[in-house]
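Note sheet for the following structure.
Only the coordinates and a few stated rules stand behind these numbers; no lab work does. Note that this is a predicted model, so its numbers are computed, not measured. Don't worry about glycine lacking a Cβ; one is built from the backbone with ideal geometry, like all the others, and counts go over all protein chains shown.
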Amino acid sequence: MKAVIIGAGMGGMSAAIALKQIGFDVEVYEQVTENKPVGAAISVWSNGVKCLNHLGLEKETAALGGIVDTMSYVDGHTGDTMCRFSMQPLIDEVGQRPYPIARAELQLMLMNAYGFDDINFGMKMVSVEDGPDAATVHFADGTSASGDIVIGADGAKSLTREYVLGGPVTRRYAGYVNFNGLVGTDPAIGPSTEWTTYVGDGKRVSVMPVAGDRFYFFFDVPMPEGQPFERGTAREVLAKEFDGWADGVQTLIEKLDPATTNRVEILDLDPFDTWVKGRVAVLGDAAHNTTPDIGQGGCSAMEDAVALQFAFRDHPDDVHAALADYAATRTERAGDLVLRARKRCDVTHAKDPEKTEQWYAELREEDGTNIIRGIVGNIVGGPVT
Ligand code: FAD
């Protein structure tokens, strides 16, 4: 069996490793010319870590992951702790520690595990087509590649999705912009083994540790879509947005490097369950584009990769049965995570300010039980138990 995979993001690379593990001949094609992921880091929740472990990357993942022992919410204006609790009950319940990981390092780990030199960089797919005996992709340079299957792991603006669905889709602006980057840990911002989140006015400022004494930080700012922004001006923009906020937030704004701070408008897509057309299938953000509010987009892509492997393990000689099985096991779970994230997004970012104020009041009463229950609810249901 031969698989042609489009996209060397975390979904495409996880799928490449997963299929190689069961003896597939795999070719990966990526439009960019170098490994330069957009975004600073991600939280790989326990379900994602379990998938990486399944792909043989347990030690490598743990080496890159930050240690999150506690989680806290802080009143963004006063700096008062609203709640602080241990992550241990979550780890005990799901059997795996989550790991925030710098994106470029996660990406490189996956690329090396597959074989960095075997990735075909600089290859932009311009069309894909199904056929009776093979599926074929065509590239901008005029060349093409065929396989028993084509996996479109080509991200949120997927061309493969357009082919599978028979037309383009419109993504939905979620109402806020996310600024993110990496910065050295600093107790003035938050403890080095804590995921600290400052909240207020539907805004959010968060830091969580990644390996190498660094924090992954992000700021969520509700604003209309399409506001002008000049790269390099994040400090001025954030200083204005968070004027008067607690000292920890001011320290973070002073310490961040505006040149490497990313600004992303957050969009998502209504779940859909047509993931396969003949020998062509979508995977990762191409199949389920979510807001990052529960940190599950990338984890879900990793789950897709393992589910794809299991489907071909169970139907080794039948492409159509395997892809049908893959879609059947994934669409509901992935769609559920998209909708859970959307719901969380609305509360966090004050779509209805009363509900957000109610959430802040709940945070002041929280001992961790409800938050951990919610996170566990997101984690369970993946292919690796
Ligand atoms: P991508 O990472 O987008 O990769 C797609 C690849 O396909 C790209 O390399 C692209 O260049 C390539 N490609 C596209 N079109 C073509 C083409 N025509 N030809 C060839 N190559 C092509 N997820 C989590 O699990 N936890 C988090 O904490 C988290 N935080 C996030 C924070 C933010 C601000 C955002 C925006 C997302 C976050 N996510 C998180 C989601 C996560 O980043 C995505 O779900 C994940 O990157 C999806 O991986 P992917 O491989 O499907 O797509």
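For Ile5, the residues whose modelled amide H falls within less than 5 Å of its own, excluding neighbours fewer than 5 places apart on the same chain, are Glu27, Val28, Tyr29, Ile151. Pick from Ile22, Ile189, Ile294: which is most flexible by mean-square fluctuation in a GNM of the chain where alpha carbon atoms under 10 Å apart are linked? Looking only at Ile22, Ile189, Ile294, the biggest GNM fluctuation is shown by Ile22.
Taken over the stretch 95-177, the convex hull of the Cα atoms encloses 207 Å³ per residue.
When the listed pairs Lys240/Lys351; Lys277/Lys343; Lys203/Lys240 are checked against a 19 Å cut-off, the alpha-carbon distance exceeds it for Lys240/Lys351; Lys277/Lys343.
Across the stretch 134-233, Cα pairs under 8 Å and at least six residues apart give a relative contact order of 21 percent. Taking 0.36 nm per residue of sequence separation and removing the Cα-Cα distance, the Gln358/Asp117 pair yields an extension gain of 81.5 nm.
Once the gyration tensor of the Cα atoms in the stretch 189-270 is diagonalised, the equivalent ellipsoid follows with semi-axes of 21, 15, 14 Å, ordered largest first. Going from the fewest other Cβ atoms within 10 Å to the most, the residues Val347, Val38, Val282, Val68 appear in the order Val38, Val347, Val68, Val282. Based on alpha-carbon atoms, the Kirkwood radius and the radius of gyration of the chain give Rg/Rh equal to 0.97. Quick one: pull the percentage of alpha-carbon pairs in the stretch 52-109 with a separation above 20 Å. Across the stretch 52-109, Cα pairs with separations above 20 Å total 43 percent. When each of Lys255, Lys50, Lys59 is scored by the number of other beta-carbon atoms lying within 10 Å, the sequence from fewest to most is Lys59, Lys255, Lys50. Helical runs assigned H by DSSP (4 residues or longer) give the chain a calculated mean residue ellipticity at 222 nm of -11500 deg cm²/dmol, each run adding -39500 (n - 2.57) before division by the residue total.
If both residues of a DSSP beta bridge must be in the stretch 54-205, then about 75% of such bridges are antiparallel. Based on C-alpha pairs under 8 angstrom that are at least 6 apart in sequence, the chain has a relative contact order of 23 percent.
Working note: Cα gyration tensor of the stretch 268-385, eigenvalues times five, square-rooted, sorted largest first, giving semi-axes of 34, 15, 8 Å.
For the stretch 122-268, taking the reciprocal of the average inverse distance between every pair of different Cα atoms yields a Kirkwood hydrodynamic radius of 18.3 Å.
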